[in-house]
Amino acid sequence: MTLTIYNTLTRDKKPFEPIAAGTVRMYCCGVTVYDYCHLGHARSYIVWDTVRRYLQWRGYQVQYVQNFTDIDDKIIRRSQEEGLPWQEITRKYIDAYQEDMGRLNILPADAYPKATDVMPQIIELIKTLIDQGYAYPVDGDVYYAVERFPAYGKLSGRKLEQMEAGASERLETEAVAKKRHPLDFALWKAAKPGEPEWDSPWGKGRPGWHIECSAMVREWLGDRIDIHSGGEDLVFPHHENEIAQSEAALSQPLANVWMHNGFVKIRGDKMSKSLKNFTTIRSLLETTDPMVVRLFVLQAHYRSPIDFTEDAIAAAENGWNTLKEALKYRVNFEQLPGWPEIDTLEQASVDRFNAAMDDDFNTPIAMAVLFELAKDLRRAGNVLVHTGQSDLSVEQLQQKWQTLLRLSQVLGLEISSLSEPELTDASTNGNIMAGLSDAEIEALIQQRQEARKAKNFAEGDRIRNELQAQGITLIDQPGGETRWHRH
RNA sequence: GGCGGCAUAGCCAAGUGGUAAGGCAGGGGUCUGCAAAACCCUCAUCCCCAGUUCGAAUCUGGGUGCCGCCUCCA
């Protein structure tokens, strides 16, 4: 089986071949840190985290770098509004980012470079572009000359003339006057009074948005990388401009594969900062299990748009419960005599999972494999709880469970405290009511049986409710026997 | 105006020529004093029209509708 990936640049799926066998160098465009992250960010980084996890699962060593844009107009504005130094703004939102992503079980990147960390490299790159005739300084600004780069537009599939015609009414006349071509973009912006500034050969100022990524990719991963990823909205102009900068300066492709994730929509519209219709990750996580968010995201293909609705989240919630139950049923299985400590997986499921993921990371199909395993396990687990025996062999159960656990991890779907004591023994969970011993429970059940025998169902139900409140579920079985289990 | 994407059951979502995965919700049933849990069964011909083909959700042409990008944005 070969992993195939859709490449925005070529607009088709092709077998993936890393530049260096066995290693994948991947750069993901991060956030501008001036506000809390919203669900759109959550989707994007869940997707790239899953891509990264799958590449690792397939045996690649992945170098994953993601930047923070920590200097730009919005940060400056925010800093002025709040009367705080820009460094405090960015630190606050970088911390918030890390916290949010951690809760979503997104693995930390190998490096999180910041734009302000690579100022010398940025200046060096701009110099190179000027020397080679791709850029020109004007009044302390430096612009990239798009007409000098014939391939400009190749990523987003447009031609300069089309864009110029379409955008002409929107371009700021002030900036246009300085530019040789209306679509030339800033590599360096002269600082206005009071703004953060860095020294440069063109005067004090700060980098434009796109140049930082060109500099950071090169600094951390090299002149040419395997995968460059980001949201669909970065295709133009951000990634187009990165290509123009890096490829003009270094005379080779910046990235072999360009990947872009689809948007999160809310009530049919794109969720975005500018539309102010976003739900922040942290507010969503107040009421929603992070794994539910993850499942919601992965139930759609990463390139399709997804619509965020109450119903969709509720459905994902129920779906996660199904998986969670199955993952937790180990607790029951482990009571089986001969629960083997084996580490083999159910190959048929693994094969189907891999085939799905190899096809441009088709997580909806991969999820279907998980659900089928989970339903098998849940059924077997419940039969076990209810009857004391299983219709599957212990080895089969173990293998299915192991497979589900392992494949779920590849998608980042995990019960964080799976190995914690609370799951292996609810009675030690510090719950006062859980202090009931098995014998006490048995005694109460006995009392209930007496009551039921005497048709005193009110009393019987009272005992059952009382036990239920303490986390103990009773199952009346045909034949009169009552089984129970903690949960 | 230019470029691009999408349209599959109540909802979400796979499927790109061989007779519709999976999830959620729903209906019916088994079990029960009633429950709970579980189990079993059940629930679509794929936006419309016209073609190509032995055969199309899948290809072609034409419609209709929705969305995105072209401006900061994951």
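Is it true that residue A:220 is touching a strand residue (DSSP E or B) at 6+ places or on another chain (Cβ under 6 Å), open to solvent by 10 Å² or more (accessible area, probe 1.4 Å) and more than 10 Å from RNA strand B (Cβ to nearest atom)? Yes; evaluated as a whole, the condition is true for this residue. Go through the residues of region A:375-384 one by one and say whether even a single one is open to solvent by less than 30 Å² (accessible area, probe 1.4 Å), more than 15 Å from residue A:339 (Cα to Cα) and within 8 Å of RNA strand B (Cβ to nearest atom). No: zero hits. Only residues that are surrounded by 14 or more Cβ atoms within 10 Å (Cβ to Cβ) and either not hydroxyl-bearing (Ser, Thr, Tyr) or not assigned by TED's automatic domain parsing to the domain that holds residue A:25 (or both) were counted in region A:52-83, giving 19. Return yes when residue A:354 is within 15 Å of RNA strand B (Cβ to nearest atom) and surrounded by fewer than 18 Cβ atoms within 10 Å (Cβ to Cβ) and no when it is not. No: the conditions fail for residue A:354.
Results for (1) closer than 27 Å to residue A:148 by Cβ; (2) of a type outside the set (S, T, N, Q); (3) open to solvent by 10 Å² or more (accessible area, probe 1.4 Å), shown as yes or no for each residue.
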| position | (1), (2), (3) |
| --- | --- |
| A:235 | yes, yes, yes |
| A:241 | yes, no, no |
| A:252 | yes, no, yes |
| A:260 | yes, yes, yes |
| A:287 | no, no, yes |
| A:293 | no, yes, no |
| A:305 | no, yes, yes |
| A:316 | no, yes, no |
| A:330 | no, yes, yes |
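Checking each residue in region A:432-487 for being in contact (Cβ under 8 Å) with a residue 24 or more places away in the chain and β-branched (Val, Ile, Thr) picks out A:441, A:445, A:472, A:475, A:482. Being under 19 Å from residue A:3 (Cα atoms) and among the aliphatic types (A, V, I, L, M) narrows it down to one residue among A:24, A:65; which is it? Step by step, each of A:24, A:65 is checked, and only A:24 is under 19 Å from residue A:3 (Cα atoms) and among the aliphatic types (A, V, I, L, M).
Inspect region A:272-282 for any residue being aromatic (Phe, Trp, Tyr), closer than 16 Å to residue A:42 by Cβ and in contact (Cβ under 8 Å) with a residue 24 or more places away in the chain and give the result as yes or no. Yes. With the condition kept exactly as written, say whether any residue in region A:27-34 is within 13 Å of the chain's Cα centre (by Cα), of a type in the set (A, V, I, L, M, F, W, C), in a strand (DSSP E or B) and under 28 Å from residue A:269 (Cβ atoms). Yes, that holds for at least one residue. A count restricted to region A:84-123 and to residues that are open to solvent by less than 20 Å² (accessible area, probe 1.4 Å) and outside any helix (DSSP H, G or I) stands at 4.
The values are calculated or read from the model by the stated rules, or taken from the named source; none is laboratory data. As the structure is a computational prediction, the values presented were derived from the model and not from experiment. Ideal geometry is used to build each Cβ from the backbone, glycine not excepted, and the neighbour counts take in all protein chains shown. Remember, those area values only see protein heavy atoms, side chains included, never the ligands or the DNA or RNA. Shrake-Rupley method; radii C 1.70, N 1.55, O 1.52, S 1.80 Å.
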